[in-house]
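Okay, structure first, notes after.
The values are calculated or read from the model by the stated rules, or taken from the named source; none is laboratory data. Just so it is clear, the structure is predicted and the values come from calculations on it, not from any experiment. So basically every Cβ, Gly included, is an ideal-geometry build from the backbone, and we count neighbours across all protein chains shown.
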Amino acid sequence: MRIRTFPLAALLILVAMTNTGCVSNHVTNAIAVMSPTQGSSVHGVVEFHDAGNGVRVVANISGLTPGDHGFHIHEWGDTSSADGTAAGGHFNPLGHQHGARDASRKHVGDLGNLHADAQGNATYDWTDPDMPLALIIGRGVIIHAKNDDYGQPTGNAGGRVAQGVIGVAKPDMRHKH
Ligand SMILES: [Cu+2]
Ligand SMILES: [Zn+2]
């Protein structure tokens with residue numbers, strides 16, 4: 001009897017914790033730590049938060065040249081190549097054409113541009129209504145040398161100056177979801 005009772009009690013506690021949001025398999029926060037590719041000094045952090053009405057993407061990046069830099073989620077979370085190319089192409093599970101971050105049809109990974117100031121620092125804050133957070137976990141984030149001009153097929157943004165992998169982050173208990 002004791003053998004059967006303990007697991008049941010443990011299970012009930014787990015269910016209660018899940019219902020209060022303290023324990024869940026549902027990912028609400030993710031993070032990509034950006035590392036420079038060879039010859040670059042671009043680095044920083046990109047955070048992804050389930051905002052209810054979409055995924056809020058917040059980035060703080062340094063070491064850029066002033067101006068705009070293409071910013072995308074790429075297909076693979078593979079940072080094994082020094083030039084960032086192992087991350088593959090833009091994450092595009094719906095087979096759409098490349099576009100601006102606010103286009104109605106675009107690659108899921110199209111985040112537009114980071115805008116770096118004269119010191120080479122960029123902040124970015126955009127809530128994407130169509131980004132499935134669960135689908136981007138484990139994929140790559142790439143920052144490009146040049147601006148994304150939204151041309152086909154991938155925005156003409158040139159080489160890759162920083163790369164990172166999207167991982168599951170600690171849930172933010174302040175947010176209800
Ligand atoms: Cu890209
Ligand atoms: Zn794209």
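Here are some notes:
- Identity of the residue in the stretch 82-98, in a helix (DSSP H, G or I) and either touching a residue at least 60 places away in the same chain (Cβ under 8 Å) or at positive phi (or both), that ends up nearest to ligand 1 (Cβ to nearest atom): A87
- Remark: D110 matches the filter, which requires a residue to be buried (at least 17 other Cβ atoms within 10 Å of the Cβ), within 16 Å of ligand 1 (Cβ to nearest atom) and among the acidic types (D, E).
- Test: residue in the stretch 121-139 that is away from ligand 1 (no atom under 16 Å from the Cβ) and farther than 24 Å from D50 by Cα: yes
- Among the strands (runs of 3 or more DSSP E) confined to the stretch 113-177, the ones with at least 3 residues that are of a type outside the set (S, T, N, Q) and within 22 Å of T79 (Cα to Cα) are located at 140-144, 160-168.
- Odd one out for S62, checked against (1) at pLDDT 95 or above; (2) closer than 20 Å to V168 by Cα: (2)
- Residue pairs meeting the criteria (Cβ under 9 Å; at least 6 apart or on separate chains; first free of Cβ contacts under 8 Å to residues at least 40 places away in the same chain, in the stretch 142-154; second crowded, with 19+ Cβ neighbours inside 10 Å and in a loop (DSSP other than H, G, I, E, B)): D149/G155; D149/A157
- Among the residues of the stretch 40-81, those that are buried (at least 23 other Cβ atoms within 10 Å of the Cβ) and part of a loop (DSSP other than H, G, I, E, B) comprise V42, L64.
- Residue among N121, N147 that alone is within 16 Å of ligand 2 (Cβ to nearest atom) and of a type in the set (S, T, N, Q): N147
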